[in-house]
1. Under 5 Å between amide hydrogens, which residues at least 5 positions from B:Lys215 or on another chain qualify, with H placed 1.01 Å from N in the peptide plane?
2. Where does the charge balance sit around B:Tyr71 when Lys and Arg score +1, Asp and Glu -1, over other residues with C-beta under 9 Å from its C-beta?
3. Using Cα-Cα distances under 8 Å and only pairs 6 or more residues apart, what relative contact order does the stretch A:28-78 have, in percent?
4. Can you list the distances in nanometres, one decimal and ascending, from the B:Ser220 label point to the identical position in each other copy, with the point 7 Å along Cα to Cβ?
5. Mean Kyte-Doolittle hydropathy of -1.0 or higher plus an axial Cα length of 18 Å or more: which whole DSSP H helices in chain A meet both?
6. Which order do the peptides A:227-235, A:117-125 take when ranked by the mean count of other beta-carbon atoms within 10 Å per residue, highest first?
7. Roughly how crowded by other chains is peptide A:333-345, in terms of the mean Cβ count from those chains within 10 Å of each of its Cβ atoms?
8. Enter the mean number of other protein chain beta carbons within 10 Å of the beta carbon of each residue in B:307-313, as an integer.
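Nothing in this text is a laboratory measurement; each read-out follows from the coordinates by a stated rule. All values reported here derive from a predicted model rather than from experimental measurement. Positions of Cβ are generated from backbone atoms using ideal geometry, with glycine treated the same way; all protein chains shown enter the neighbour counts.
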There are 2 protein chains.
Amino acid sequence: MMEKDIYFMQKALELAKKGQGKTSPNPLVGAVIVKNNKIISKGFHKKCGLAHAEAVALKRAGVRAKGATLYVNLEPCFHFGRTSPCVDKIIKAGIKRVVIAVKDPNPQVKGKSIRKLKKNKVKVSLGVCQKEASEINEVFFKNIKDNLPFVVAKAAQSLDGKITTSLGESKWITTDKARQFSRRFRDRYDAVLIGAETLRKDDPKLNGLDKIPYKIIISSSLDLPKNSYIFKNFSNKTYVFTSSNLKARNKLPKNIKVFSSKATKEGISLKKLLNKLYQLGIMSVFVEGGADTLGRFFSQNLVDKAYFFIAPKIFGGKDALSSVGGAGVKQIKQSPELKKPKIERIGTDILIWGYLKKVSYAKARKKS
Amino acid sequence: MMEKDIYFMQKALELAKKGQGKTSPNPLVGAVIVKNNKIISKGFHKKCGLAHAEAVALKRAGVRAKGATLYVNLEPCFHFGRTSPCVDKIIKAGIKRVVIAVKDPNPQVKGKSIRKLKKNKVKVSLGVCQKEASEINEVFFKNIKDNLPFVVAKAAQSLDGKITTSLGESKWITTDKARQFSRRFRDRYDAVLIGAETLRKDDPKLNGLDKIPYKIIISSSLDLPKNSYIFKNFSNKTYVFTSSNLKARNKLPKNIKVFSSKATKEGISLKKLLNKLYQLGIMSVFVEGGADTLGRFFSQNLVDKAYFFIAPKIFGGKDALSSVGGAGVKQIKQSPELKKPKIERIGTDILIWGYLKKVSYAKARKKS
């Protein structure tokens, strides 16, 4: 029984992942309907505004759904949003049993659908593939929990932690394969964020392989090169955050959106920035650097997940730039830490990644 | 046939490793004598000055050695050294076949024993477990090839390459398990080397778990704390290398051996230092830091093997000390690189280690 449930839930998870990078601010959801041990229909949530996974699968199954089992990686919705509640559709279709990976933490749902199903004599099994289901919706869970975007940090460095040589050379540290891998993340998250210095030095495109993400620049002075690629291309998706007086925005092309807020001791408040992004509907941010920007995100405990691409090279050099700069932590015990980091080989490079140990937002806020 | 040979050669290699840390300047050698698929005697080289592995095994086998097969991980010696040539003992004992993992690169041997065996109607098979046999005698092969000690570098750092926080805290970055692991290396190599700054800041003991290695300090000024542990304990194994005038040696306890040589632009010449150590019979050096010392060894391409212990923590901080300092390389293509690095987990820490890509000594000399 259990094994069968895992098998079909895996199928639902695979379907859910097809929506990766497209469903924001909605979660990734996949559903399969099973009768006599056979999948009779499938569905996944393709894009915000389109039908939910359960609705797609139910529609495809039609009358055959009666007496069947529905597998879905997230508790079906209870509330009227862009679509009518899935929980009602499930009941109406005569589904006999619903297998759910994880409860929807959204206060508008949070077990309500499960209770309603049970009340209507639908059997419910909760918790199948829970860990994987939480991970594929890492963004959504963070959003609901903290009302903040999910923050992913990335560094590509030498084995001794450098992102430039002593002469400032930075291209390329890792292999093309690793860089391609990292570009994939831009498809997965809503926005890419860099500091002004990175824009000045590298003039990056910041595009994904399949998607143009939002491009967020932090700049205290607004002294940015007007001819930068990102100001000239897809510029409606480029936002600049500054602590400068808004008058200084004249330095930038007119079509660029600029957000200004008072500076803290360390420059613009990253918490305010993240709050603003969240209000703007940006549910996840991929922080690509440079050193100072990464340093501030890390030392303020604002990073949820981190990827370190490591080339097995030793640059050395006390003047070479280190991957994570800023003020840094003062004591080792204060340092952000990956819990159970994963290690992968990407060609000749090494990728170490993981989730940061939980630091409550309140605590992080107090610290900075 | 081949499989049997590998099996018995593995036994010889296991025996050889028992001498680890004790045979210098001799190689690690193990031997087994096999008759009718059974090991009839074994031997390994325990310590410089004591009998060779083959001699031990042959003596134990006695007359039973006649017609048997000898497995040994290094070509038997041809020359009279502290003991008489093993090749003659093998022929005399009536051994029928000798299986050798790897040729002895020593010019006094280098295939001569193999030729002599064949001439005397002893069958010879060469190359069984060659890679492993080369690795366990990494020190010996380097010594013979370059007339220099084998240099092993070690760093213990945060994920972003730091060895201190921005406030200078450095204890402890990695877990006790990783530090214990690293202490084991002091048993394996002849000497441990550190820079003056590390001595001043950490006052380390630099002892192995089973052995007191030679302790080498590099100090340009000779301004070293007289009460350091290593000056007060086992001080006959403590050597100081300086570019100071030898008069300055009065700053140090009288019993400490001081070697002086003219400074290069970057301080004392590491090549001269390594040459001197080699003359002193120190066949391998474990360079433990600090950042500046490691930086100089790396950027001059003097490192043969490197161990990076990485705690999955992010210190950040542009003022935090990076694991490998010094001048560093100017261009990425000049950077020393591990070939096919190995990755291991040591508790919650990560160990990345490997051999440095071959850079000929002549080339390295020219570069610096």
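1. Result for B:Lys215 returns B:Val192, B:Thr238, B:Tyr239.
2. 0
3. Worked out over the stretch A:28-78, it gives 41 percent.
4. 3.3
5. Span-like helices here: A:2-17.
6. Highest-to-lowest ranking by the protection proxy: A:227-235, A:117-125.
7. Rounded to a whole number, the mean comes out at 5.
8. 6
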